[in-house]
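Below is one structure, written out as structure tokens; comments come after it.
The values are calculated or read from the model by the stated rules, or taken from the named source; none is laboratory data. Everything quoted here is computed from the prediction, not taken from an experiment. Reconstructed Cβ throughout: ideal geometry from the backbone, glycine too, with neighbour counts over all protein chains shown.
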Amino acid sequence: MLYLFLLVGMVNMMFRLFALIFLSLGFLTQAVAEEVYPADIRYLHVQSGQTLHNIVRRLYPERVKDWSKLRAEIVRTNPDAFIDGDETRMKAGSILQLPKRMVVRALPLKPAMRKLVGKVENVRGQVLAVDTKKVSRTLGKNDSIYIGDKLITGDDGFVRLLMVDNAILNLNCYSIMVIEDYQIKTGSRRSILNLLQGSLRKVTGTIGKLTGDVYELKTPLANIGVRGTEYALRVFQSKGCSGTIDTDDRLYIRVIKGLVDVHNKGGSVVFAKGESGSVLLPDKAPVKQKVDEGVFTPVTEKPETEVKTEEEGSNFWWWLLGIVGLAALI
């Protein structure tokens with residue numbers, strides 16, 4: 001009888017233990033499922049002629065099933081940007097606040113399961129990386145970058161990446177770029193980046209210098225191919241930031257070193273060192289033209305002519321003082 005009593009007690013304790021473990025696991029699972037990560041944080045300056053449908057289609061190409069929900073959320077979040085709440089009647093000049101947060105129901109990928117392709121060399125402002133599971137992380141200096149990461153910079157954001165082939169990428173504010181592929185294996189060297197919007201300056205590394213290398217920088221309006229070069233470009237970024245000037249949202253490019261091949265459905269144009277140009281539409285060929293330096297780099301706050309004027313004015317007063325002093329001595 002005593003043995004039976006002890007056996008029942010042990011079974012009861014084991015049952016409670018398993019129940020506690022089960023509930024704990026359930027709690028943890030629920031906590032992970034309800035975890036909310038900031039993702040796709042961005043603002044967009046509405047230009048004349050733009051439509052909400054095209055904006056959503058361009059910025060969320062992989063979320064076709066969510067397009068209608070995204071449009072509805074944008075209208076709800078930005079009531080002042082639409083006439084009578086009509087998503088087809090956006091007000092030019094408005095600044096849209098696009099979806100900021102999303103619920104992620106998948107666990108983050110373990111670092112060992114992701115392909116490391118670079119690290120953060122310098123960062124300031126708000127910069128996020130969203131992985132293939134839609135889990136985001138705030139980037140800091142020396143943080144790792146992986147294939148599939150979508151890099152997002154805020155209105156004051158900037159990040160400099162050092163890639164595994166020693167390429168340097170400067171991604172400026174209001175930018176979204178996806179690292180689609182990056183390989184340095186012999187016989188399979190490739191670099192495929194997708195700049196959905198923003199400003200980028202790149203110094204190419206070892207990938208792109210050999211004939212068999214695959215190097216492609218995609219944008220919504222044209223793709224870029226290079227052979228060992230340095231270049232700057234800006235696409236779908238009408239609102240200037242960090243000192244750059246406002247412009248329209250076409251693709252602008254300037255070659256600093258080497259050669260760049262810009263191609264789309266409309267044609268292909270090679271840009272050499274010192275040349276610049278633009279692309280208006282995906283089916284319009286690239287055009288060589290002079291582009292204001294302020295499109296790519298910050299504009300100085302005080303023009304040089306103003307400084308010279310101040311210096312000349314100062315010299316004038318010293319000269320006048322000298323004349324008065326000389327007259328007093330005479």
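What to note about this one:
- Residue 112 falls short of the stated requirement of being modelled with pLDDT under 90, among the small types (Gly, Ala, Ser) and within 18 Å of residue 202 (Cβ to Cβ).
- Extreme residue, surrounded by the fewest Cβ atoms within 10 Å (Cβ to Cβ), among residues of the range 228-243 that are on the phi < 0 side of the Ramachandran plot and touching a Gly at 6+ places or on another chain (Cβ under 6 Å): 229
- Taking residues in the range 258-280 that are in contact (Cβ under 8 Å) with a residue 12 or more places away in the chain, and partners anywhere that are hydroxyl-bearing (Ser, Thr, Tyr) and surrounded by 19 or more Cβ atoms within 10 Å (Cβ to Cβ), the pairs with Cβ atoms closer than 7 Å and at least 6 places apart or on different chains are 258/229; 259/229; 260/229; 260/231; 278/252.
- Candidates 131, 165 - the one that is among the charged types (D, E, K, R), more than 25 Å from residue 260 (Cα to Cα), buried (at least 18 other Cβ atoms within 10 Å of the Cβ) and more than 13 Å from the chain's Cα centre (by Cα): 131
- Answer from 234, 250, 201 - the residue that is over 25 Å from residue 130 (Cβ atoms), within 18 Å of the chain's Cα centre (by Cα) and modelled with pLDDT of 90 or more: 250
- Inclusion of residue 96 among residues that are part of a strand (DSSP E or B), at pLDDT below 85 and farther than 18 Å from residue 179 by Cα is warranted.
- A single entry from 181, 156 fulfils the requirement of being over 20 Å from residue 253 (Cα atoms) and in contact with a strand residue (DSSP E or B) (Cβ under 6 Å, 6 or more places away or on another chain): 181.
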